Amino acid sequence: MHTNGPARGTSRRGFLGSCGTAIAVPYFFSRARTLADETRSPSDRFSIGLIGAGGMGVFNLEAAAKWIDVVAVADVDAGRAAAAAAKLSGGKAAVHDDYRRILERKDIDVLHIATPDHWHAKILVEALLAGKDVYCEKPLTLTIDEGKIIRRVQKETGRIVQVGTQQRSTFPLFVTAMALVAEGRLGRINRVQASIGNAPTSPSIPVVSVPKELDWDRWLGPAPAAEYRFLPATPVMGKDGKPAPAQPHTNGHYEFRWWYEYSGGKLTDWGAHHVDIASWALQLNGQTAGPTSIGGLARHPVDFKDGMPVQRDRYNTATEFHFTVNFPGGTTMIIRHDADNGVLIEGDKGRLFVNRRKLAGGVVDALKDDPLPEAAVARVYKNLPMEDNERKAHWACFLHCVKSRAEPISDVHSHMKMLNICHLAGISARLGRHLEWDDAAEQITGDDAAAAMMARPSRKGYEIEMG
Ligand SMILES: NC(=O)c1ccc[n+]([C@@H]2O[C@H](COP(=O)([O-])OP(=O)(O)OC[C@H]3O[C@@H](n4cnc5c(N)ncnc54)[C@H](O)[C@@H]3O)[C@@H](O)[C@H]2O)c1
C-alpha cells in the first residue's frame, strides 16, 4: 500500500538517499492526496480492456491491480490471451482474438494497449474514436505522420491518453532532475545527451511454421507481408556455472523491436525513454522551438538500399550510433549507444546525470544545503497525484486523469515532439545522411527520399479506420 509519508521504516532523508546520491529534498511524499484516497469504494474501480497480452501488458495491469478490474483481453495469440485473462482476472475476463470486439463494448471506457509498436497508431486512433481513454505503450508511432493523426484525433475527441513512458513518474530520480532544471539550478541548458545502449544482432533466423495459437497474418497487421521466423534460444552458461536466461530469435513476440518493419530499434525502444527525458529538460528550460537538423553515424547488421534492409532473415535495426540534433540558439542533443545508459544534462551553471538508479552531479550535492522548494516537484509533475513506485505512479496518474479529465504527465503532444527526433534519427541512420527539419511544419526539407519516409504504406485491409 502506498502512503503519504516516506517508505515504511525509513526517514524521508534515508529513503531518498537509498535511491542514488544522498539527496536531501524534503518534498514529494508530503503531498496530501494519492489515487488510493480517491478510489475507495468498489464502484470507484475501473473496468479495463487489455489489447496485447504480452510481457508488458500483463506487467502493467498487475501494477495497477488495486484500482482496476480487467474485464476483457484481446490478443492475436490465443494462448497469451487466455493466460493473461487467467492471471489478471482469475479467468473472469472475456477473451477475444480481435481488439475491435473490445472497442464495441459500451461498458468499457478505459483501455490498455500493449501490442508491438507497428499496431499502436491504428488501434489507438480507433479506440479514441470509439470514445475510450487509453494508456498506450511507447512508442506511440512508427512514423512522423502517424503522430500527426494521433494528435489531431486526441484533440478532436478530448479523450485521455497516457503514454507508457513511466520514467516521467519516477520519484525521486527523473522528476527531481526535472525540478532542478525547471528551478534554474543548472542555468541555461546548452547540451543534453541520451545514451540508450546498443541493439542486439542475430544469426540467420529460419522460416518455420506458425504456432497454431498465433494468427500471424493479424500479428503483422499493417506491416508488410512476411514469413514467420523463429530460432530457439541457445542455452548459455552463466558465470555461476548455471544456465543463464537466453532469448530465442524471431520476428515475432518481444524481438519485433529489432526489425524496422515493426519498430525503430533502440532509437525508439529506449529513445522513447531517454530522448523523452532529454526533451522534457529542454522544454522545462524554456526551449520551446524544436530541432532544425540532425546528423551522425549509424552501423547496421545488414546492408540497406533506399532506406530499407536488403536481407530479410535477421535483425536489421542500428546496433551502434551517434547523432547530433541541433536546436535554435546552439543547443544540442546527443543520442548515442555507447556511454553510461542515462541522460546527461549540461547547463552554464552545472550539470547532472540521471538514470533509473542514480541522480548525480554538483547541483544534486548542493541540495543538502539548498533544498528545492516544496512545490517545485509538484509543479514539474503538473500537480498530479503521486505514488511511490514508478509503474504504479504512472497508472495512478492516468486513472486520476480519467476521473478529473486533466492532461496526464506523458501526454501525446510532448511525446510526439520528442518522437519526431527519434524517427528523424532513424531516417538519418537508414539513409546515412544529414537531415534538415522544419519543426513548425513538422517536415523534412530539401530531401524528397527522406521526406517520403515520414509515412509508410499500410498493408491492404489494415489502414486506420477513421469512422
Ligand atoms: N514502458 C516500458 O518500459 C516498456 C517495456 C517493455 C515494452 N514496452 C512496450 O510494450 C509493447 C509490447 O511489448 P512486449 O515486450 O510486451 O511485447 P510482446 O511481444 O511480449 O507482447 C505484445 C503482444 O501483443 C500481441 N498482439 C500483436 N498484435 C495484436 C493485435 N492486433 N491485437 C491484440 N494483440 C496483438 C502479441 O501477440 C503479443 O502477445 C511495445 O510497444 C513495447 O515498446 C514498454
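What to note about this one:
- In the range 409-437, the residues that are farther than 23 Å from Arg159 by Cβ reach residues that are charged (D, E, K, R) and modelled with pLDDT of 95 or more with C-beta atoms within less than 7 angstrom, at least six apart or across chains, in these pairs: Leu435/Asp447.
- First in the range 150-172 and among the small types (Gly, Ala, Ser), second anywhere and in a helix (DSSP H, G or I), Cβ under 7 Å, 6 or more apart: Ser169/Glu390; Ser169/Ala393; Ser169/His394; Ser169/Cys397
- Selected residue (criterion: surrounded by the fewest Cβ atoms within 10 Å (Cβ to Cβ)) from residues of the range 429-451 that are of a type in the set (A, V, I, L, M) and within 16 Å of Pro309 (Cα to Cα): Ala449
- Selected residue (criterion: surrounded by the fewest Cβ atoms within 10 Å (Cβ to Cβ)) from residues of the range 388-403 that are in contact with a helix residue (DSSP H, G or I) (Cβ under 9 Å, 6 or more places away or on another chain) and over 15 Å from Ala378 (Cβ atoms): Lys403
- Those residues of the range 426-442 which are under 16 Å from Asn326 (Cβ atoms) and not aromatic (Phe, Trp, Tyr), in sequence order: Ile427, Ser428, Arg433, His434, Leu435, Glu436, Asp438, Asp439, Ala440
- Of the residues Val134, Val163, the single one that is under 15 Å from the mean Cα position of the chain (by Cα), away from the ligand (no atom under 11 Å from the Cβ) and modelled with pLDDT of 95 or more is Val134.
- Within the range 192-217, considering residues that are surrounded by 16 or more Cβ atoms within 10 Å (Cβ to Cβ) and hydrophobic (A, V, I, L, M, F, W, C), the one nearest to the ligand (Cβ to nearest atom): Leu214
- Under the condition of being within 11 Å of the ligand (Cβ to nearest atom), surrounded by fewer than 16 Cβ atoms within 10 Å (Cβ to Cβ) and in a loop (DSSP other than H, G, I, E, B), the residues counted in the range 61-100 number 2.
- Hits in the range 299-318 - residues which are modelled with pLDDT of 95 or more, surrounded by fewer than 23 Cβ atoms within 10 Å (Cβ to Cβ) and in contact with a helix residue (DSSP H, G or I) (Cβ under 8 Å, 6 or more places away or on another chain): His300
- Residues of the range 229-254 classified as farther than 15 Å from Val207 by Cβ and within 12 Å of the ligand (Cβ to nearest atom), total: 3
- Residue within the range 410-428 that is farther than 19 Å from Thr143 by Cβ, of a type in the set (D, E, K, R) and surrounded by 13 or more Cβ atoms within 10 Å (Cβ to Cβ) present: yes
- The set of residues in the range 321-358 that are in contact with a Leu (Cβ under 7 Å, 6 or more places away or on another chain), part of a strand (DSSP E or B) and surrounded by fewer than 22 Cβ atoms within 10 Å (Cβ to Cβ) comprises His322, Gly347, Arg351, Phe353.
- Boolean, Gly342 is at positive phi and more than 23 Å from the chain's Cα centre (by Cα): no
The values are calculated or read from the model by the stated rules, or taken from the named source; none is laboratory data. The structure presented is a predicted model; accordingly, all values stated were derived computationally and were not measured. For neighbour counting, all protein chains shown are included, and Cβ atoms are generated from backbone atoms with ideal geometry for every residue, glycine included.
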